């Protein structure tokens, strides 16, 4: 009798194992389609960038190299208004060169892909949300409502900050470093493009800090008390990150980059505190009922 029960239990366990395996492969299939749609979106934006490549190259990629760039014009106006000598950018002394046979071809491909990732970032977030949404409870879905919108807004603000503030300050500082009149700055196009892309997209990702803190707080991995107690350590980490993001050694650029990060950290504390407050309210409602 016991053997028959063991046999029945073994059959049930086998059935559960098969069901779990099917569920696992179903998740893999769903993930595969999310990845396919994301790749197709990147391809579409890449083709769009390729179609309007004259604008992408002349106005966006080469923008920080030109003296009529918006940031440089604003710096000149502020310098004239406040009578700050040397604040106006009068020259960017370096030439961009290509040292490889396929360099200009790869420049077009790489720049189109970078633009595609930047423009398609909101859609990529949307695909991530669609993938994790079925695994969330109704309460978690309601609390995470607006995830794609908030993350997109923060990423765009960060990318704009990187492109219009960090990039021109870095380019101006590095271009005007001169150890000797015998040395002429000849910058490869790969170095120039990678610098602009890293600073712009890097700032966009850094601005997602409140979203990351929100997720960690929901998982119980972050608390506002811990973040408040870790302010001094966070300040050091922020300065290190700012130093990594900005390839310059001047204090002004470092403080310009780190200031928004300090603001984001304080905003993240507020976000974490709000999450904790909602958790406590939910617990009180649960015990009342």
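The values are calculated or read from the model by the stated rules, or taken from the named source; none is laboratory data. Keep in mind it's a predicted model, so treat the numbers as computed, not measured. Positions of Cβ are backbone-derived with ideal geometry, glycine not excepted, and every protein chain shown enters the neighbour counts.
Annotations for the structure displayed:
- Test: residue 29 is more than 26 Å from the chain's Cα centre (by Cα) and touching a residue at least 12 places away in the same chain (Cβ under 8 Å): no
- When segment 153-189 is filtered for residues that are farther than 22 Å from residue 76 by Cα and buried (at least 16 other Cβ atoms within 10 Å of the Cβ), the ones remaining, listed by number, are 154, 155, 158, 159, 187, 189.
- Given (1) at pLDDT below 90; (2) in a helix (DSSP H, G or I); (3) within 29 Å of the chain's Cα centre (by Cα), index of the condition residue 89 fails: (2)
- Against the criterion of being surrounded by 15 or more Cβ atoms within 10 Å (Cβ to Cβ), part of a helix (DSSP H, G or I) and at pLDDT 90 or above, residue 234 does not qualify.
For (1) in contact (Cβ under 8 Å) with a residue 60 or more places away in the chain; (2) in contact with a strand residue (DSSP E or B) (Cβ under 7 Å, 6 or more places away or on another chain); (3) closer than 20 Å to residue 199 by Cα, each residue gets a yes or a no:
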{"site": "68", "(1), (2), (3)": "no, no, no"}
{"site": "78", "(1), (2), (3)": "no, no, no"}
{"site": "84", "(1), (2), (3)": "no, no, no"}
{"site": "87", "(1), (2), (3)": "no, no, no"}
{"site": "93", "(1), (2), (3)": "yes, no, no"}
{"site": "97", "(1), (2), (3)": "yes, yes, no"}
{"site": "101", "(1), (2), (3)": "no, no, no"}
{"site": "104", "(1), (2), (3)": "yes, no, no"}
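- So residue 223, is it at pLDDT 85 or above and surrounded by fewer than 17 Cβ atoms within 10 Å (Cβ to Cβ): yes
- Residue within segment 100-107 that is within 12 Å of residue 45 (Cα to Cα), at pLDDT 90 or above and surrounded by 14 or more Cβ atoms within 10 Å (Cβ to Cβ) present: no
- Verdict on residue 83 being loosely packed, with under 12 Cβ neighbours inside 10 Å and closer than 26 Å to residue 177 by Cβ: yes
- Residue within segment 112-133 that is over 24 Å from the mean Cα position of the chain (by Cα) and either more than 25 Å from residue 39 (Cα to Cα) or free of Cβ contacts under 8 Å to residues at least 60 places away in the same chain (or both) present: no
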